[in-house]
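No lab work stands behind these numbers, since they all come straight from the coordinates. As the structure is a computational prediction, the values presented were derived from the model and not from experiment. Virtual Cβ from ideal backbone geometry, glycine too; neighbours counted across all protein chains shown.
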Ligand SMILES: [Zn+2]
């Protein structure tokens, strides 16, 4: 009887990718391929992006969660197969510390809470190990166990459509013999796809440079990824985009990319590597650093703490706008906190910002001469003005105040797509209606026959 009973399993894993060219989503497709015929998937694989400010992430700090139903008698076997796949897939490297966690039935509340914190804080490996040994049916790690953090977070972050915003990404993978070679994509088809399916797809093309953004660089097994609102539209997108090389496989992931999920759980606390969301009153004029970064100072309204704010070079237009902020302007700042040892202060690296209040600023100039209409000059401190042209003098004249025309307004500022981090909600998504359910389409992944 127990052979037949089906059990819900949540499988989370992370930190299997390295800069040398492996990728956690790719490992996910290998796992899916191996177990697909023996289990029932009850959700798309979830690609969960966690706190982007942790210092040791390989690329996007993305972990994978799988939710399946499996026969009770087979779950030990399945778990050990997945372990073996991780062991054979990962490339040993001091910064790659894979972790796998498996939960039976309901996801415990403590793991849900853990996943919210993983979006905004740095969580210790020891805490993850403790939770994994206490609440998981099985867990496994290589190296220092850092991958357990993302694994638990991917299980706990269920992207419940009634509570959380979510998006999809379709990822296509290359044949192994093409790894490391130039990706052969018919570029014009990407522009066609984007204009046909917008705003159902996003961040395919940088809006300022017109550059195609769907392909990663380097030896990554990913050929391209297209992000969007619904799975069926992503399939449509994939069929519009033409490649000149045969593909190995594709898979649709449900993700928190492009949702601001980390900002929704963040607050104004200042702590190294933490995600920040708080109101800041600007106290100093911006200045440009060598390399083009813009730095300005402000005071957090809720805590009165002084912080630096930074906008980085690749965010071009965003940086130009930030450079127009002046003292007493108020902004809702979103970003990552970084402690700068050399200055003994904290900097918020801005990922996004809403300008709330534009303050009035004036320039002062001398009045015009009432006799000859030329501009007068100051006659000295509190001595009024004199006219150099006709000699007129008046000790009672005041300077004229002229309001500065500000090149910024109360507006939402987001860096262009190519400078955006995975979690940041782009402008295009503000016009899209929130999804209330998951459309689980049948052909959400495929391995092409050789
Ligand atoms: Zn005059």
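Taking 8 Å as the Cα distance limit and 6 or more residues as the minimum spacing, I'd like the relative contact order of region 167-259 as a percentage.
Computed value for region 167-259: 51 percent relative contact order.
Ranked highest first by average number of other Cβ atoms within 10 Å, how do 279-289, 422-432 line up? Let's see the in-between values first.
On the way: 279-289: 16.0, 422-432: 18.2.
Descending mean neighbour count gives 422-432, 279-289.
Put the Cα centre of region 377-450 next to the Cα centre of region 265-335 and the gap is 13 Å.
Taking only Cα atoms of the chain, what ratio of Rg to Rh do you get with Rh as the Kirkwood inverse-distance radius?
Numbers: Rg = 27.3 Å, Rh = 24.5 Å.
Ratio of gyration radius to Kirkwood radius for the chain: 1.11.
Dividing the mean sequence gap of close Cα pairs (under 8 Å, 6+ apart) by how many residues the chain holds gives a relative contact order of 15 percent. With contacts taken as Cα pairs under 8 Å at a separation of at least 6 residues, region 215-316 carries a relative contact order of 13 percent. From the helices alone, meaning DSSP H stretches of at least four residues, give me the mean residue ellipticity at 222 nm for the chain, per-run term -39500 (n - 2.57), in deg cm²/dmol to the nearest 500. Value at 222 nm, helices only, nearest 500: -6000 deg cm²/dmol.
Please report the antiparallel percentage of the DSSP beta bridges confined to the chain, to the nearest 5. Please list the in-between numbers first.
Numbers: 86 of 92 bridges.
Among the beta bridges of the chain, antiparallel pairing accounts for roughly 95 percent.
Here the extension length gained between residue 368 and residue 398 equals 9.7 nm, from 0.36 nm per residue of separation less the Cα-Cα distance. Within the listed set 196, 344, 30, the residue fluctuating most in the Gaussian network model of the chain (springs between alpha-carbon atoms under 10 angstrom) is 344. Subtracting the Cα-Cα distance of residue 211 and residue 5 from their residue separation scaled by 0.36 nm leaves 69.0 nm.
Summarising the label geometry, the points placed 7 Å from Cα in the beta-carbon direction at residue 442 and residue 192 lie 2.7 nm from one another.
Across 145, 218, 291, mean-square fluctuation computed from a Gaussian network of the chain (C-alpha pairs under 10 Å connected) peaks at 291. Could you work out how far helix 187-197 tilts from the main Cα principal axis of the chain, as a 0 to 90 degree angle to the nearest 10? In the chain, helix 187-197 runs at an angle near 80 degrees to the longest axis. Label point 7 Å out from residue 87 along Cα-to-Cβ: which residues of region 113-137 have amide N under 20 Å? Of the residues in region 113-137, 133, 137 have backbone N under 20 Å from the label point off residue 87. GNM on the chain, alpha-carbon springs under 10 angstrom: the most fluctuating residue among 49, 254, 330 is 330. Please give the helix 125-135 orientation as an angle from the longest Cα principal axis of the chain, in degrees from 0 to 90, rounded to the nearest 10. Relative to the chain, helix 125-135 is tipped by roughly 40 degrees. Take the Cα of residue 427, go 7 Å toward its beta carbon, and the backbone nitrogen atoms of region 389-415 under 11 Å from that spot belong to 412-415. If you line up the long axis of helix 75-89 against the longest principal axis of the chain, both from Cα atoms, how many degrees apart are they, to the nearest 10? Once rounded, the angle reads 60 degrees.
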